[in-house]
1. Condition first: within 23 Å of B:I204 (Cα to Cα), touching a Gly at 6+ places or on another chain (Cβ under 6 Å) and buried (at least 20 other Cβ atoms within 10 Å of the Cβ). Can you find one or more residues in the stretch B:257-274 that meet it?
2. Select, from A:K246, A:K149, A:K165, A:K223, the only residue that is under 18 Å from the mean Cα position of the chain (by Cα) and open to solvent by 40 Å² or more (accessible area, probe 1.4 Å).
3. Taking the stretch A:122-140 as the search range and keeping residues that are within 16 Å of the chain's Cα centre (by Cα) and β-branched (V, I, T), which one is farthest from the other protein chains (Cβ to nearest Cβ)?
4. Can you name the helices (runs of 4 or more DSSP H) wholly within the stretch B:36-107 that have at least 3 residues being among the polar types (S, T, N, Q) and open to solvent by less than 60 Å² (accessible area, probe 1.4 Å)?
5. Does B:Q421 satisfy the criteria of being more than 14 Å from every other protein chain (Cβ to nearest Cβ), out of contact with any Lys or Arg (no Cβ under 7 Å at 6 or more places or on another chain), over 22 Å from B:K381 (Cβ atoms) and not in a strand (DSSP E or B)?
6. What tally of residues in the stretch A:43-53 results from selecting those that are touching a helix residue (DSSP H, G or I) at 6+ places or on another chain (Cβ under 8 Å) and within 14 Å of chain B (Cβ to nearest Cβ)?
7. Going by the conditions given, is B:V411 more than 26 Å from the chain's Cα centre (by Cα), within 11 Å of another protein chain (Cβ to nearest Cβ) and open to solvent by 50 Å² or more (accessible area, probe 1.4 Å)?
Amino acid sequence: MHLKICHLYPDLMDLYGDRGNIISLVQRCRWRGIEVEVGQISLDRQADFRNWDILFLGGGSDREQGLLYEDLCRRRDNLLSAVEDGLPVLGICGGLQLLGKYYQTAAGDRIPGVDILDLWTVAGSKRLIGNVCIQADFLPDAPESGTDKTLVGFENHSGQTFLGKVEPLGRVVKGFGNNGMDGLEGVHYKNVFGTYLHGPLLPKNPYFTDLLLSLALERRWGKSELKVLDDNLELAAHTYMVNRLKQQ
Amino acid sequence: MKLATTLRFYCALWLGKSILLFSRLAGKPGTTLPGAVALKLYPELLARLAGGLPHGAIVVTGTNGKTTTSNLLAEVLQHAGMMLTFNRAGANLVTGITSAFLAASRWDGRNPSQLALLEVDEAAMAKVVPSVKPHTLVITNFFRDQLDRYGELDKTVALVKDTINTYLPHAKLILNADDPLAAQIGANREGVLYYGVAPTDYDITGNSQAREAKFCSFCGHAYDYELYHYGQLGIYTCPGCGFQRPVPDVLADKVQIRGTVGVSFSLGGTAINLQHQGFYSVYNALAAAAAALGMGIGIEHIKAALDGFIPQAGRMEQFLFGAARVTLSLVKNPTGFNEVIRAMVHGEKPLGLMIAINDNAADGRDISWLWDVDFETLADKAEFVICSGSRAEDLAVRLKYAGMETEKLYVVKDLAQALSQLGAKLDAGMSGYVLPTYTALFPTRQLMNAARSKAYAS
C-alpha cells in the first residue's frame, strides 16, 4: 500500500510551521510500513487532484495568497470533482479561506474564492490570536486516549469566517474560532476539513491525523485499518493544552 | 520652552530617575519601568533627551543579531573613545530606550554622552524613530520571529520601510546586502552602505533553503540564488526585474568556522578573529564594522574591539558543568536555532542537550516555529535531549517526528530538575548544550552560575 500526499503551494503557503502537518502524515505512514510520497505542487505545475490521496493547503501572508489566487481558480473544476469523489482535504487558515466564496477586504472589495465550500470571510479589525480548544464530534470514539474528541491548536487570523449551509469542524471550547462570535470553528464537508488551528495541528492531534489517513486508505485501497502506535508524547502535549485552557 | 513644559520635563525626568534609583536599590535593573512612568507624564521626554547629543544617534534593528551587533558596535565606539547612551540590557522598546536616556542623563537634564546607540525592536521603530531621529540606521536581517506579536513578516518589513521613508529620508542606512528583505530597503536611495559575505566553504547551493523572501519585493518573481550562506542570506538575482544582491561596500572574505574557538574572516585585508561561534556571528561583526567604518572610525579600533569581545550572557556562553563543557545559547526563532544546530553538529563529540521552550509573551505564545527548525539534522548526533519549559511536551513531539528515538527523549518541565538531569547524564566525552527561549534563559543561567560557584566552593 502507498499514499500520495499533495502539498499545494508549499513555497507560498507555509506560515506557522505548516510543514509539521506534512511531517506528521508522513511519519505516521512510515511507522506503519505504508509507503508515502509527497508531491509539491506550486504555480503553473499540472496536477490532477483525483489521482492524489490527501491534499494539504496551508496558510500564507496576504501577498502570497494574492500570488496564487488565479492559479487556484484555474484548478477549480478538477478540485471540485476530486472533493465530490471523497478526496481528503485539509485546509488551514488561508487554505480554509480560499476554499470559500469570497474574502472581503477592509476596504470592502470582495476577492472571490474558489467557491467549493459555502463559507465567506470578512476582514476584521483585530487579530484573533491564541491557543484554541474545540469539541469535534466527527472524531472517532477513543476513550482510552483521554482526548474526549477535542482538537487543540493555535489561531492567528484577522479574517472572520462565516458558514452557510455547511457543517463546522467543531464547537469552540476555548478561543475565538471562525469569527469570535458564533462559537463555531472550521468547516467539514464530505472529506474536506478546514480550520484556523495551526500549531501545527496534526502532530498533537494524532487521532485526527489517523482519521485523514484512514479516509485516504479507504478511498484508494478500500481498507482503512491502521496499526496502533504509541502516542504517549502526542497525547501528553494534547492534554497539557486542554487542561491549561480549562483552567483559564 | 514654555514654563509649564519645562516643569513637566523636569518632573518626568526626576520621577523617572527616582524610580530608576529605587529599582536599583531594590536590586532590580530598572530597564523599562522608569521610562514607562516618565513617558506617561511627559510624552515628548524621549525626543527632548535624545535631542542634545553632539554626535546624534545610531539605531540597530532587524530580527536576529541586533543585541550582539549593538554590543559589538558599542565596544568599537568605546574603544575609539566615545561616551555612549546605550540600552545595553536589550530593553529595546520605547520604554526601555527612554530608561536608558534617563540613566545616562544627570538630574539637571544634561547628558554627558557624545552619541546614543540604540537597539530597537522592529515593531517599536515607528514609536522610537520619530523622537530619536538617528543619522545612521543599521538593519541586520528580517526573519520570522514571534509571529503572534507582529502579525506577518511582510507587515514588519513594510512597517520598518515606511518608518524610514517617512522620518529618515536622509539618514545613512547600513544594510545587509545578502538579505533581499533588508537590501530592498536601500533601492533608489542615496547614502546606503551595504555589507555582505563573499562565497565561503560552508555555502549551500541548489535547493532553496530560504523560508522567507523567496519572491522579489518589487515584481513578485522567484529569486535565482547563486548560493546561500544560511536562511535567505546569500547571493541572489531576480530574473523578473533585475533586482539583485547589491555589491557589498564592506565585505567579509575568507570566512573560517573554527569550532568552539570562534570564527575568523578577512575585512579588507585585516584578519578578524571572533570568539563567537556560528556563521551568523560574521554578520553581527560585519554589521558593527560597517556602521563604524561609515562613521569614519579606524580599522584598528574595529579589530581590537571585535577580537577582544567575549559573548554576552546566553549567547554561546561557555560553562564547565561537572566534567563536561556546556554551551548556553538563547534560541528564539527557526533561523537562529538552525545556526546553533549547525554550530553543534560541527563538533566531533556526541551531544547531550537540554532545550527549554516557554510560551510566555516575550517568547512568543505561538510555538509552531519549532516545526520550522531542522531538528532532523540533529537526530543522529544527540545522545539524549531533556525537554523542559512550559511546552516541553510539544518539543518532545517535534523531536520524535524529527526521527529521534523516544527512549532518548526526557520530558522534565522544571528547569532546575532538567539541569540536574543534564549534569547527571553528561560525561567528559560529550558536548553539552543548554538552549532556552527568552524567559527560560535568565532562570537557567542563574541556576548554572549557582552550580558553577558551588563546584568552586567544594
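The values are calculated or read from the model by the stated rules, or taken from the named source; none is laboratory data. The model shown is predicted, which means the values in this text are computed figures rather than measured ones. Every residue, glycine as well, gets a Cβ built from its backbone with ideal geometry; the counts of neighbours run over all protein chains shown. We work out accessible area using only protein heavy atoms, side chains counted, and drop any ligands, DNA or RNA first. Shrake-Rupley method; radii C 1.70, N 1.55, O 1.52, S 1.80 Å.
1. Yes, there is a match, as at least one residue in the stretch B:257-274 is within 23 Å of B:I204 (Cα to Cα), touching a Gly at 6+ places or on another chain (Cβ under 6 Å) and buried (at least 20 other Cβ atoms within 10 Å of the Cβ).
2. Working: A:K246 fails: under 18 Å from the mean Cα position of the chain (by Cα); A:K165 fails: under 18 Å from the mean Cα position of the chain (by Cα); A:K223 fails: under 18 Å from the mean Cα position of the chain (by Cα).
It is A:K149.
3. A:I134
4. On the way: elements: B:45-51, B:66-79, B:94-104.
It comes to B:66-79, B:94-104.
5. When the stated conditions are applied, B:Q421 does not pass them.
6. 2
7. yes
Yes/no per residue for (1) farther than 23 Å from A:G58 by Cα; (2) touching a residue at least 24 places away in the same chain (Cβ under 8 Å); (3) more than 14 Å from chain B (Cβ to nearest Cβ):
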{"residue": "A:G153", "(1), (2), (3)": "no, yes, no"}
{"residue": "A:N179", "(1), (2), (3)": "no, yes, yes"}
{"residue": "A:P206", "(1), (2), (3)": "no, yes, no"}
{"residue": "A:D210", "(1), (2), (3)": "no, yes, yes"}
{"residue": "A:L226", "(1), (2), (3)": "yes, yes, yes"}
{"residue": "A:L233", "(1), (2), (3)": "yes, no, no"}
